[in-house]
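What follows is a single structure, written as structure tokens, with notes after it.
The values are calculated or read from the model by the stated rules, or taken from the named source; none is laboratory data. Since the model is a prediction, treat every value here as computed from it, not as a measurement. Please note: Cβ atoms are built from the backbone with ideal geometry, for glycine as well, and neighbour counts cover all protein chains shown.
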Amino acid sequence: MDEKRKISLERAEKLRSEIEDYLAFKADFIQKTEEIRDVLSKKHKEELMDYFGATEEEWNDWHWQLHHRISSVSLLSKFIKLSPNQYSTIEEISCKYRWATTPYYLSLMDYEDMNYPINMMALPSAYENDDSGELDPMSEEYTNPAPCVTRRYPNRLIINVTSSCAMFCRHCQRRRRIGESDRIESEENISAAIEYIKNTPEIRDVLITGGDPLMLPDEMLESIISRVRAIEHVEIVRIGSRVPVTMPQRITQELCDMLSKYHPLFMNLQFNHPGELTGDAVRACERLADAGIPLGNQMVFLKGINNDKYIVQLLNEGLLKARVRPYYIFHPKQVRGTKHFEITVEEGLKIMKYLRGRTSGLAIPQYIVNAPHGLGKIPLLPNYIEESDEEHVKLKTWEGCEVEIEY
Ligand code: SF4
């Protein structure tokens, strides 16, 4: 063997050792998740279908999923064994913050363990009684130049078209908007928002969000998208949705055919945990991607869900396989009732630092802190600069080697 090949092989062995722990974690996680997904969630699905007397066709119909959302603790307790304390906590929190889950998302839960990430994202907990934080840390009320419009940047804005979602996530950063009822914005307000965009020529990028815009019927959604698309200065339209995660049945071929008429159209999703990447969710993403829609993921760092370097790596690599590009990781905002999900910036940066070099650059999103009061996104990067002046810069590589560049 020549010397160069020998050095290369030694280097390859060292590189493998960098991810040895992750590979072991991944094998173990996949085995456990498969147990939950393939055995438990199938069993849960059968129980739920049995209880509601549903056919497979009904289960796969998003209208059925929506109509059979579980939002009462007495119904929930028919499936998940709740202690008297858990039962009364959910009942108490329900009076304060709305909750509901689709039968599909309920089928993914661990019925024995309320600390399982999927349960934690969907079911109320006593921690929500902590009233620290704000309901509107982004001061959205002060960045609202027209009905249902949020504008924080020079050339792009958001239209919030509904307060409704398939599931009311416990970590929701927009809790304030998720009211007591499912409210679709009035035609009058939506028309006023579109009029504002028409009269504001610097707006080139419009994000349609909510709540969740995919809660709207196809015709209503098309009416909004087509009017936005018809504005000459709007270059791209984006949709923000968690529906492919919480109710993938919504991603029908008809919806995709309709959306594909309005390119360039982008969609950003919110997967927070690899347990959400089920066969149904992946098929929903693939259907959207087949319709030519570039997909991005906007994960939120959440304590107990994904504040773990291996979980983030696994999620992001799984997303790429589902043709979704990890786009942002948001640092959790200080929203009232969600304090138990908060992590520190230091912890977030450690995870970002770990990812670099150990997975594809495509699987490394930008880590973002949303500045309070609507002052915009702040990207955060681990520090790779050791020292610098006009003549040189000393940097650290992902493995911690020092390198110097001279000018
Ligand atoms: S889908 Fe989005 S807006 Fe709706 S509750 Fe979940 S995080 Fe909040």
Only unsatisfied item for His233, checking (1) farther than 19 Å from Ser41 by Cβ; (2) touching a residue at least 60 places away in the same chain (Cβ under 8 Å); (3) out of contact with any strand residue (DSSP E or B) (no Cβ under 8 Å at 6 or more places or on another chain), is (2)
Okay, helices (runs of 4 or more DSSP H) sitting entirely in segment 223-297 with 1 or more residues that are within 15 Å of the chain's Cα centre (by Cα) and more than 20 Å from Tyr328 (Cβ to Cβ), I get 279-290
Residues in segment 164-219 that are assigned to a loop (DSSP other than H, G, I, E, B), more than 10 Å from the ligand (Cβ to nearest atom) and of a type in the set (Gly, Ala, Ser) total 3
Ile159: passes all of (1) assigned to a loop (DSSP other than H, G, I, E, B); (2) touching a residue at least 40 places away in the same chain (Cβ under 8 Å); (3) more than 7 Å from the ligand (Cβ to nearest atom) but (1)
Scanning segment 97-149 residue by residue, those polar (S, T, N, Q), outside any loop (DSSP other than H, G, I, E, B) and modelled with pLDDT of 95 or more turn out to be Thr101, Ser107, Asn119
In this structure, does Pro365 turn out to be free of Cβ contacts under 8 Å to residues at least 40 places away in the same chain and within 22 Å of the chain's Cα centre (by Cα)? no
Being within 16 Å of Leu108 (Cβ to Cβ), at pLDDT below 95 and not polar (S, T, N, Q) narrows Lys81, Lys42, Lys4 down to just Lys42
Exception for Gly357 within (1) small (Gly, Ala, Ser); (2) on the phi < 0 side of the Ramachandran plot; (3) at pLDDT 95 or above falls at (2)
With criteria (1) more than 16 Å from the ligand (Cβ to nearest atom); (2) closer than 23 Å to Glu35 by Cα; (3) part of a helix (DSSP H, G or I), Asn307 comes up short on (3)
Check: Would you say Leu66 is out of contact with any helix residue (DSSP H, G or I) (no Cβ under 6 Å at 6 or more places or on another chain), surrounded by 13 or more Cβ atoms within 10 Å (Cβ to Cβ) and in contact (Cβ under 8 Å) with a residue 60 or more places away in the chain?
Finding: yes
Residue hits (segment 17-32; of a type outside the set (A, V, I, L, M, F, W, C), surrounded by 10 or more Cβ atoms within 10 Å (Cβ to Cβ) and closer than 19 Å to Leu355 by Cα) are Glu18, Asp21, Tyr22, Lys26
Of those in segment 66-100 that are of a type in the set (Phe, Trp, Tyr) and closer than 14 Å to Phe168 by Cα, the residue farthest from the chain's Cα centre (by Cα) is Tyr97
Residue set His373, His340; condition farther than 28 Å from Asp21 by Cβ, in a helix (DSSP H, G or I) and touching a residue at least 24 places away in the same chain (Cβ under 8 Å); output residue His373
